[in-house]
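I have placed the structure first, in the form of C-alpha cells, so that the comments after it can refer back to it.
The values are calculated or read from the model by the stated rules, or taken from the named source; none is laboratory data. Note that this is a predicted model, so its numbers are computed, not measured. Ideal geometry is used to build each Cβ from the backbone, glycine not excepted, and the neighbour counts take in all protein chains shown.
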Amino acid sequence: MQLSRFVGMSAASMLAAGLILAAGCGSTPAGSGSPAAPTTAPKAGEPTKAASGAAQAGSGAIAVKVGMITPLSGDVKTYGESVKNAYELAIEEANKAGKVNITTVVTDSKGDATEGVNAATKLINQDKVKAIFGPVISRVAIGVSDIVNTNKIVMITPTGTAPKVTVDNGKRKEYIFRSCFIDPFQGQVMAKFGLNTVKAKNASIVYDISNDYSKGLAETFKAAFEQGGGKVVNMESYGKDDVDFSAILTKVGSNSPDVLFLPDYYNKVSLIGRQAKEKGVKATLLGVDGWDSAELDAKAMEGGYFSNHYSAEDQRPEVQEWIKKYQAKFGKAPDALGTLAYDAANLLVEAIVKAGSDDPTKIRDAMANIKDFKAVTGTLSFDKDGNPIKSAVVLQIKDGKQKYVETVNP
C-alpha cells in the first residue's frame, strides 16, 4: 500500500475514495443526460416515482423492480437520506436514457438489524423484487445479505464495509456485492497514516463492542499499528447505547497517547470527542468513514483525521459534474455515502443492461464480470469476494470543514 500526495488530480488520475458511477467496459454512463424533473419522495414501502421517465423509455427497456433498504429514521438517518437521494437521481437518469425501466420499493431499516431483516423478507416474498439496494450500514447489511443470498436475489450495498457482508466464514455469498472498500483496508490506512504522517508512537482505541463495523476496525487498526512499530497503550470498549464515556476517557488520558482512534458513526464519535476535550485528552483524533455526516460535531472533532471514499476537492471533471448535479437538485453538496450510492446505482444499471434481463442470476453474473468500471471517484473491478479494488482518501476536520490530506492506494 502506498501513500501519495494529492496533486490537483487530472482526469486520468485515480481518485481516492470511492465509488462507482458510470459506464463500465468502455460504455457511456447510464443516463448521463440531465436529470429528470424532481418527483415527490415516496413513503417507505411504496414504489418510487423516480422511474417516471419509463413512459418515455423505448419498448426494449428492461423492467426491473428493486427493493431499497436504508435508514430514514434512527441514529444514522442522515446516511439513509443521502443514499436515497443519490440512488433516485441515478435511476431517474437511467430510466430517461431508455435502456431500463426500474421501479423501487423503499423501506426504512431505522439502522436496526432486525428491521433490516424484516424489510428484506417482505421485499423478497411480498414485493417480489429482483434486486436489493442497500442496506447502508454493516450491522444491518450482514443479516440482510444472508437472507438475500439464500433467496438468490442480487444485492449491492453502497456503504456496508464489514467483510462479513460478502463472505461468511470464508465462503463467498455469490449474489452480494458492494461499491465501497472494506474495513480491513481503512483500518490499515489509518494505522499507517498515524505512524507515518502524524508520527505517533503510541495509540489508544475506543470502540463499540456490540458493532461488527466498529469492533473489526479497532482490531485491524491495532494489528497494523503494532506491526508498523507503534504501541497500543489501551483498548477500551463501550455499548451501543452508552452516552457517558468519562471513565474510559480517564483511562485514555492517564496513558497520554499520541493518537486516539474512534471507529464509529458520527453521532457517537461526536459525543466521545466532546467528552475527550472536557477531560483534557490531547491526543490527535483518528477515525473512519462513519465520521462523514453534516451532523458530525466539527468543533469537537477539530484537527482530527478520518478515512473516506472520495474528496469533493478532487478537480476531475467527473467529480465536479457530480457535485454540481447533486447540489442543483438537493441544495447541498453530496457526501461520500451519497456518492457511493450514485455509483452503486449506476453499477446495478450497468449489470442489468449487460444481463439483458431481470433474472437475478443473470444480473449477478453480469455484475461479477464488470471490469474497469468508470466511477465518480475512479475506476474499479471486483475481486473474487464481490469487493471493489479501489483507493481511499484521508480527510482532516479543519475550521469546521473537510480538507483533503492524502490518497492511499491498495
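Annotations
- Here LYS390 clears all of (1) at pLDDT 95 or above; (2) not in a helix (DSSP H, G or I) except the condition numbered (1).
- Matching residues, the range 62-97, being among the polar types (S, T, N, Q) and more than 19 Å from the chain's Cα centre (by Cα): ASN95
- Residue match in the range 194-215 (condition: part of a helix (DSSP H, G or I), touching a residue at least 40 places away in the same chain (Cβ under 8 Å), of a type in the set (A, V, I, L, M) and closer than 28 Å to THR250 by Cα): no
- Test: ILE370 is in a loop (DSSP other than H, G, I, E, B), in contact (Cβ under 8 Å) with a residue 12 or more places away in the chain, surrounded by 14 or more Cβ atoms within 10 Å (Cβ to Cβ) and hydrophobic (A, V, I, L, M, F, W, C): yes
- Taking the criterion of being closer than 25 Å to GLY160 by Cβ, over 16 Å from the mean Cα position of the chain (by Cα) and at pLDDT 95 or above, the residues of the range 297-324 that qualify are ASP297, MET301, GLY304, TYR305, TRP322, ILE323.
- For the range 373-398, a tally of residues being more than 17 Å from the chain's Cα centre (by Cα) and without any contact (Cβ under 8 Å) to a residue 40 or more places away in the chain returns 1.
- Meets criteria (under 23 Å from THR339 (Cβ atoms) and either hydrophobic (A, V, I, L, M, F, W, C) or in a strand (DSSP E or B) (or both)) for PHE177: yes
- Count of the range 120-163 residues, restricted to those that are farther than 14 Å from PHE177 by Cβ and in a helix (DSSP H, G or I), is 14.
- Here THR220 meets each of (1) farther than 23 Å from GLU302 by Cβ; (2) of a type in the set (Ser, Thr, Tyr); (3) touching a strand residue (DSSP E or B) at 6+ places or on another chain (Cβ under 9 Å) with one exception, condition (3).
- Restricting attention to the range 290-348, the residues that are over 21 Å from THR379 (Cα atoms), assigned to a helix (DSSP H, G or I) and not aromatic (Phe, Trp, Tyr) add up to 4.
- Leading residue by the ranking (farthest from PRO388 (Cα to Cα)) among those in the range 350-367 that are assigned to a helix (DSSP H, G or I) and touching a strand residue (DSSP E or B) at 6+ places or on another chain (Cβ under 6 Å): PRO360
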